[in-house]
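Worksheet: one structure, shown below.
The values are calculated or read from the model by the stated rules, or taken from the named source; none is laboratory data. This structure is a prediction, so every number in the text was calculated from the model and none was measured. Positions of Cβ are backbone-derived with ideal geometry, glycine not excepted, and every protein chain shown enters the neighbour counts. Surface areas here come from the heavy atoms of the whole protein model, side chains and all, with no ligands, DNA or RNA. Shrake-Rupley method; radii C 1.70, N 1.55, O 1.52, S 1.80 Å.
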Amino acid sequence: MSAPPAHPGLPTFTLPLEDPAFLRDPYPLLAELRAWAPAFYDPGMGRVVLTRHAEISAALRDRRLGRSALHRYSRDELGWPPPDPRQANFDAFNSNHLLDSEPPKHTRLRSLVQLAFTPRRVEALQARIEAILDEQVRGLGARGPFDLVADYAEPLPVTVIAELLGVPEAERHALRPWSAAIVKLYEPAPTAADQAEAERAVLDFSALLRELVAQRRAQPQDDLITALVQAEEAGDRLTEQELIDTCILLLNAGHEASVNGLSAGVLALLRQREHWDALVAAAQDEDSLPVFRRAIEELLRFDTPLPMFERIVLDPLTLAGAELKPGERVALLYASANRDPEKFEAPDDLRLNRDPNPHLTFGLGIHYCLGAPLARLELALSLRALCRTLPGLRLLDPHEPGQYTGGFVIRGLARLDVQAG
């Protein structure tokens, strides 16, 4: 995609998205940018970038900005180049799900998916989540050093969303690698290798789900794929391709934030031991889940697993002093908004009892994360189980505690080496 023209009324800065030091700790630079300007133009990404909570929350609610523009304009009208044939399957997948659609299609898809993905269904999962966690955490204490990401943070959300959808256990080993390959294409500058891996993942993922959908049509079960097959409102149903692509999105989104949020949250707590110890003490109380729910909100604010996402201009508008045209892209620095001193007292402090806590981690507006209730429940239960079972947990190397994956749109630890104590 060609970059939009620079905006002379805005300052210019290029985010160092491939700098390991920035990925490890982006917050000092984000604080400087936030204090410098509410918006700047990044010529490397070809995007106007918003830095502050007020402007970002307003943008998320502004219907002149959306996740797609091709329902309103042709690529020629927007000045966009032809689609990249190296990611044709990824682009087709993106055109069929909630994340990258706009009303009226988004309204239709979300209303149908919500019929199956209800809060009641999510809350009913608590006992199963606790059972999975009990089995998962039981042997960690006797293992010596272990990787918190692979050995604890990853298995639960992958298992839960797979069980919720109805993916057989024998097929689940591929879900995390497929998801990791697909989400790389949400970064601003994916490589040709990233595109090839994502294409293979979309095809393999789709083949599995097409088979499962056919099975559920013939033999319905008590799972989300069956519910989506049967979901109906005013005589409308999901097409098979919409159903498959929606399931891929739910499998991706249903665990990425949970994996990254938990591992980053535990890292923050172990670096500030008094907070970890306070949660260990609270975990002994059977009625402590509200304490952990509140702590999770603060951990998601403090180190945001989705630091940056974007919107596309649908109608001409002025944003932070910039005149924007349809087709231009606006990057929203959620991680910066979540540390904005105009919105949060002492934003760089970790305050587990922070209330209110209007962080933007799950977005706002019509694209507010559909899976937020499930992610919040998983994270609170996971953290409580860890505090109860491994109260002496510590970082194996406090000076080099973890390795990051290399993405900034979806930022997470590739591994986090810990010791049971």
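Brief remarks on what is shown
- Enumeration of residues in the stretch 389-404 that are in contact (Cβ under 8 Å) with a residue 12 or more places away in the chain and not polar (S, T, N, Q): Leu390, Pro391, Gly392, Leu393, Arg394, Leu395, Leu396, Asp397, Pro398, Pro401, Gly402, Tyr404
- Against the test of being at pLDDT below 90 and over 14 Å from the mean Cα position of the chain (by Cα), the options Pro398, Pro373, Pro391 yield a single qualifying residue, Pro398.
- Filtered residue count, the stretch 183-216, keeping only those that are over 17 Å from Ile410 (Cβ atoms) and either under 18 Å from the mean Cα position of the chain (by Cα) or charged (D, E, K, R) (or both): 6
- In summary, Pro188 fulfils each of the numbered conditions (1) open to solvent by 20 Å² or more (accessible area, probe 1.4 Å); (2) touching a strand residue (DSSP E or B) at 6+ places or on another chain (Cβ under 8 Å); (3) within 25 Å of Arg384 (Cβ to Cβ) with the single exception of condition (3).
- Whichever residue in the stretch 411-421 is assigned to a loop (DSSP other than H, G, I, E, B) and modelled with pLDDT of 90 or more and, among such residues, is surrounded by the most Cβ atoms within 10 Å (Cβ to Cβ): Gly412
- Qualifying residue in the stretch 117-132 (condition: at pLDDT below 85, among the aliphatic types (A, V, I, L, M) and either part of a strand (DSSP E or B) or open to solvent by less than 10 Å² (accessible area, probe 1.4 Å) (or both)): yes
- Within the stretch 142-151, not a single residue is surrounded by 14 or more Cβ atoms within 10 Å (Cβ to Cβ), out of contact with any strand residue (DSSP E or B) (no Cβ under 6 Å at 6 or more places or on another chain) and over 24 Å from His173 (Cβ atoms).
- So Asp236, is it at pLDDT 90 or above, open to solvent by 10 Å² or more (accessible area, probe 1.4 Å) and of a type outside the set (Gly, Ala, Ser): no
- Residue match in the stretch 239-251 (condition: in a helix (DSSP H, G or I), of a type in the set (Asp, Glu) and surrounded by 19 or more Cβ atoms within 10 Å (Cβ to Cβ)): yes
- The stretch 326-361, residues that are small (Gly, Ala, Ser), over 15 Å from Pro305 (Cβ atoms) and in contact (Cβ under 8 Å) with a residue 24 or more places away in the chain: Gly327, Ala331
- Pairs with Cβ under 6 Å, 6+ apart, first in the stretch 123-142 and over 29 Å from Asp417 (Cβ atoms), second at pLDDT below 85 and among the hydroxyl-bearing types (Ser, Thr, Tyr): none
- Within the stretch 40-59, being in contact with a helix residue (DSSP H, G or I) (Cβ under 9 Å, 6 or more places away or on another chain) and basic (Lys, Arg) holds for one residue alone: Arg52.
- Taken together, the residues in the stretch 51-98 that are buried (at least 20 other Cβ atoms within 10 Å of the Cβ) and part of a loop (DSSP other than H, G, I, E, B) amount to 6.
- Close Cβ contacts (under 9 Å, 6 or more residues apart or on different chains) running from residues in the stretch 70-87 that are without any contact (Cβ under 8 Å) to a residue 24 or more places away in the chain and over 11 Å from Leu314 (Cβ atoms) to residues that are of a type in the set (Val, Ile, Thr) and assigned to a helix (DSSP H, G or I) are absent.
- Filter result for Ala281 (over 23 Å from the mean Cα position of the chain (by Cα), modelled with pLDDT of 95 or more, among the hydrophobic types (A, V, I, L, M, F, W, C) and open to solvent by 60 Å² or more (accessible area, probe 1.4 Å)): yes
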